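Structure first, then comments.
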Amino acid sequence: LPPSFRYYLTMNPTVKTISMPTVMIAGALLCRQIMTLDAWCNHMITPVVIFSMLFFTFCRVDMRQMRLQAMHFWLIAFQFVVAIALYAALAWWNPVVAQGAMICVMAPVAMAAVVIGGMLGANVETMAAYSLLCNFVIALFAPILLHEFGNGECNIWQILQRVAPLLIAPFVAGQACRFGLPKVAGWVSRHSQISFYIWLMSLVLIIGRTTCFLLDYEANRSVEIALAAVALVICLLQFKLGRMIGRRYGDAAAGGQSLGQKNTILVVWISQTFLDPISSIAPTAYIVWQNLVNSYQMW
């Protein structure tokens, strides 16, 4: 790459600071065009982008240094205990809002959290281990809660087939590259910041889809506002509490991203399929809130 462009990608802090709000605005304004392009590509853009992003990230991960830590189990315990407690606390007032709050807490860590966490100084191996653990634990045990508090139609396989391909495949590819093509893996590791810009592409798609959903979905306005407000409070608390837990184990950034940045694409689908579809407004709004928090952290 030309030196000036390389500096633009790797060193200019202003670019990284304003990039997330910029692509969020672009995704919202061009939502119809984005959805048309996504449909034309048979909805394959997001999986390809996520795979590429995680491949760049997992090429940095030394599997021999991945260790399960006490912090991981505290974070997972928090998700299940607080999810149930929130549902019980809100169900008497509005069951739909209660479902939205529950799914925002129970949602597994986002696959992109490893990328952002690494840029914020988190230990990449710690976050990769938690990403793998959390997504599979949620896939195994979430159907129990969804069966109890949803429409009772969820099973483990339905969630696993959504999680496994986009999580396991890039991890295996990244590790195979490390051992089979060390020079390629070295180049990828030295240019791992490219994964951030790949993630920005996925963010444009996610915000475009989110905007179209909010424009097209008809629901009671007060319920919509309540779901968005609950999602905002939960988002801020999870980032804060995650950092507090992580700080006790020497990695505040890893704790904050692991608990605060959620796999919203998965949980929006879960909400629309196994809960009251209106409850999906909460994780949809969470997409906006968590990326505003990420923008602030980058700044």
Residue in the stretch 86-99 that is within 22 Å of V230 (Cα to Cα), of a type in the set (V, I, T) and at pLDDT 80 or above present: yes
Residue within the stretch 224-238 that is farther than 11 Å from A285 by Cβ and open to solvent by less than 10 Å² (accessible area, probe 1.4 Å) present: yes
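Can you tell me how many residues in the stretch 246-299 are of a type in the set (V, I, T) and at pLDDT 80 or above? Before the answer, list the steps.
First pass over the stretch 246-299, keeping only residues of a type in the set (V, I, T): 264-265, 267-268, 270, 273, 278, 281, 284, 287-288, 293.
Those left that are additionally at pLDDT 80 or above: 278, 281, 284, 287-288, 293.
Looking only at that region, the number is 6.
In the stretch 190-206, what residues are among the polar types (S, T, N, Q) and either at pLDDT 80 or above or under 19 Å from L132 (Cβ atoms) (or both)? Break it down stepwise before answering.
Quick first cut of the stretch 190-206, residues among the polar types (S, T, N, Q) only: 192-193, 195, 202.
Passing the criteria: S192, S195.
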Odd one out for N294 among (1) surrounded by fewer than 20 Cβ atoms within 10 Å (Cβ to Cβ); (2) out of contact with any Cys (no Cβ under 8 Å at 6 or more places or on another chain): (1)
Conditions (1) in contact with a Pro (Cβ under 9 Å, 6 or more places away or on another chain); (2) closer than 21 Å to L90 by Cβ; number of the one not met by V223: (1)
Failed item, numbered, when A173 is tested on (1) buried (at least 21 other Cβ atoms within 10 Å of the Cβ); (2) modelled with pLDDT of 80 or more: (1)
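Scan the helices (runs of 4 or more DSSP H) fully inside the stretch 46-145 and keep the ones with 1 or more residues being open to solvent by 10 Å² or more (accessible area, probe 1.4 Å) and more than 20 Å from G250 (Cα to Cα). Lay out the reasoning, then the answer.
Values: elements: 70-90, 95-106, 113-119.
So the answer is 70-90, 95-106.
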Tabulated pairs, the stretch 127-142, first within 16 Å of C104 (Cα to Cα), second of a type in the set (K, R), C-beta under 9 angstrom, 6+ apart or interchain: A139/R162
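Are any residues in the stretch 234-249 of a type in the set (V, I, T) and more than 15 Å from Q99 (Cα to Cα), and if so, which ones? Spell out how you get there, then give the answer.
Step one: list which residues in the stretch 234-249 are of a type in the set (V, I, T), which gives 234, 245.
Hit for the stretch 234-249 is I245, nothing else.
The values are calculated or read from the model by the stated rules, or taken from the named source; none is laboratory data. Nothing here was measured: the structure is a model prediction, and the numbers come from that model. Methodologically, a virtual Cβ is constructed for each residue, glycine included, from the backbone with ideal geometry; neighbour enumeration extends over all protein chains shown. SASA here: full protein model, heavy atoms, side chains in, ligands and nucleic acids out. Shrake-Rupley method; radii C 1.70, N 1.55, O 1.52, S 1.80 Å.
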